[in-house]
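The values are calculated or read from the model by the stated rules, or taken from the named source; none is laboratory data. None of the values given here were measured: they were computed from a predicted structure. Here the Cβ is made from the backbone with ideal geometry for all residues, glycine too, and neighbour counts use every protein chain on show. When the accessible area is computed, the model is the full protein with side chains, heavy atoms only, and any ligands, DNA or RNA have been set aside. Shrake-Rupley method; radii C 1.70, N 1.55, O 1.52, S 1.80 Å.
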Amino acid sequence: MNDPRPIPAVLPMSHPGDYYDLSRIRPEVLAVLERINALGPVFAARARAVDDEASFPVENYRDLADEGFLGLCIPAEYGGMGFSMWEYAMVGAEIGKYCGATALTFNMHNSSMAWSRFMFEMPNLTPEERAEFAPLRERQFRRAIKERAIFSQPISEGGQNWTSKPNQTRCHAVEGGWRISGFKKFASLAGYCDYYTIVCTEVFEGVEPRHEDTMLFVVHKDTPGLSVQGDWDPLGMRGTNSRDLILRDVFVTRDDLLMPRGIFGKTLPNWPHMMATLSPTYMGVAQGAYDFMVAYLKGQVPGQPPIDRRMYATKRITVGKMYARLANMRALWWQAFSEAKGFPSKAEVMRMYAAQYNIMEGVQEIAALAIRTCGGQSMLRSLPLERMYRDSRCGALMLPYTSEIMEDYLGVLALYELDELDTAPGDEGGARNSLWRGDAGALKGLR
């Protein structure tokens, strides 16, 4: 495809062959990775304005839609590309090299598609459940492909881990459907997406809200009772436009379900990698920070004097240290996502938790070392490293797999057998309720 737009001055960047075994990647996937890297300089050129203005990367989404990438996780029979979770993660990381906010919000859209794709394929669904699920997911897939519709996936509600207690956003049955009331905090793509995937708790008179009654609805942006409020002026990831989403008596019908009643609680606990899809963005930001530092030390940054700084031993030592850290992060992350599936083993889950932790902590280390190595000029906002540094601080804070929670989960799984997890001492009323438990234990939150 010939792209008529002028290509900005290109910062030398890494190629997928620099960190992946290309013989293990399908040609169709490699072609998408190559195309992302062709679009990357355009994304990078827009990233400063997106960051300065805290504006949504609308043009980047138009480009991604033009390429058909809104359907990465959608099965081929619906017009999508049918990528596995592992393959999608690689694409997200490539986008993250150039614009973290685009990669992070792109994940919100693709996660909605992935939930419909992979949860439908879970072996613990009955034929009746799958038959009820099929037309619902087809409706969403058709919207993404034919309408080029963008989906948001707001879940957080502020003040608690959404897996710790039943969602505070509630729905109750009325004639012809349900009414939803509540709010979502950090609703990425707020005001820019076409549909919101709303996670809520169905409530019944005289019954305490339960995780088992979690429901998912797809709500169009123009539905009466839906509004976006508040300002968005964060430290990093400023282009995500993650303002508050307010729902006041929003009416939905059975056709608006993302999946049938009971499917979410039956499948997500057994697909724990599904909640690690924020990490590709930060893997990409780490690679982008490293690539910028290497180009800067070589004097290859467009618009900057071609000063060769490679002769300083202190800088070479840091580059070596950073490469080793980055390679370590990516190897574990790539293995963890290559193992992503329903009903993983304990070892696979622990590797996923460890990969999540290493990416979210490691990206901060990489960005900080890049700034220290490049020196004071790298802190100027005219260069991308300052933005990458701020973006890097956000990943460790993002629920449900924050760095603190990952430390706890890894310790608990290492020290307790699966049949002991329900009685293991700890934060019983907090994030521990989202800990994966295999087939052991009673239903306790989303596991």
Rounded to the nearest percent, how much of the accessible area of the chain (1.4 Å probe, protein heavy atoms only) is carbon and sulfur? 53
Which log10 I(q)/I(0) values, to two decimals, does region 121-226 give at q = 0.14, 0.15, 0.17, 0.23 Å⁻¹ under the Debye formula with one point per Cα? -0.66, -0.76, -0.97, -1.37
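Just the number please: accessible area per residue for region 293-447, 1.4 Å probe, all protein chains included, in Å².
Details: 6900 Å² over 155 residues.
Heavy-atom accessible area per residue stands at 44 Å².
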State the antiparallel share, in %, of DSSP beta bridges confined to the chain, rounding to the nearest 5. 85
Out of Gly320, His172, Ala367 - ranked by how far each Cα lies towards the positive end of the dipole of the chain, with unit charges on the beta-carbon of charged residues - the top one is Gly320
Just tell me which aspartates and glutamates come within less than 12 Å, Cα to Cα, of Lys321; anything on the same chain fewer than 8 places away is out. Glu365
How would you rank 346-357, 247-258, 86-97, 270-281, highest first, on the average number of other Cβ atoms within 10 Å across their residues? 86-97, 270-281, 346-357, 247-258
FRET efficiency (Glu420, Phe343; Cβ distance; R0 35 Å; to 0.05) is 0.95
Where in region 218-251 does the label zone of Arg179 land, with the point 7 angstrom along Cα→C-beta and an amide N cut-off under 13 Å? 225, 248-251
Take the alpha carbon atoms of region 65-98, find their center, do the same for region 110-156, and report the distance between the two centers in whole angstrom. 15
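Which order do the peptides 32-39, 319-326 take when ranked by the mean count of other beta-carbon atoms within 10 Å per residue, highest first? List each step's numbers first, then the result.
Working: 32-39: 19.0, 319-326: 15.6.
Output ranking for 32-39, 319-326: 32-39, 319-326.
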Where in region 250-291 does the amide nitrogen come within less than 15 Å of the point 7 Å from the Cα of Ser14, taken along Cα to Cβ? 280-291
For the chain, what is the calculated [θ] at 222 nm in deg cm²/dmol (nearest 500), taking -39500 (n - 2.57) for each run of four or more DSSP H residues and dividing by its residue count? -14500 deg cm²/dmol
Just subtract the alpha-carbon distance of Ala327 and Phe251 from 0.36 nm times their residue separation and send over the number in nm, one decimal. 22.5 nm
The pairs in Lys184/Lys266; Lys97/Lys341; Lys221/Lys341 lying past 29 Å Cα-Cα in this model are Lys221/Lys341
Would you please calculate the Kirkwood hydrodynamic radius of the chain over all C-alpha pairs and express it in Å, rounded to one decimal? 22.5
Among Leu418, Ala276, Phe183, pick out the residue whose Cα is farthest towards the positive end of the charge dipole of the chain, where Lys and Arg carry +1 and Asp and Glu carry -1 on C-beta, about the Cα centre. Ala276
Value of relative contact order over region 23-115, rounded to a whole percent, pairs C-alpha under 8 Å and six or more apart: 30
Length-normalised contact order for the chain - Cα pairs under 8 Å, 6+ apart - percent: 18
Gap separating the Cα centres of region 188-228 and region 325-355, nearest whole Å: 31
If you stretched the chain out fully between Arg210 and Ser227, how much longer would it get, using 0.36 nm times the residue separation minus the C-alpha to C-alpha distance? 3.5 nm
Tell me which DSSP H helices of the chain clear both cut-offs, 24 Å or more of axial length from alpha-carbon atoms and a mean Kyte-Doolittle hydropathy of at least 0.5. none
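Show me the ranking of peptides 291-304, 391-404 by mean Cβ neighbours inside 10 Å, starting with the highest. Show your work: numbers first, answer last.
Working: 291-304: 18.1, 391-404: 20.9.
In decreasing order of mean packing, 291-304, 391-404 become 391-404, 291-304.
Please compute the net charge surrounding Gly206, taking Lys and Arg as +1 and Asp and Glu as -1 over other residues with Cβ under 15 Å from its Cβ.
Numbers: positive: Arg170, Arg210; negative: Glu202, Glu205, Glu208, Asp213.
In short, -2.
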How big is the equivalent ellipsoid of region 66-200 along its three axes, where each semi-axis is √(5λ) from the Cα gyration tensor, reported in whole Å from largest to smallest? 24, 21, 15
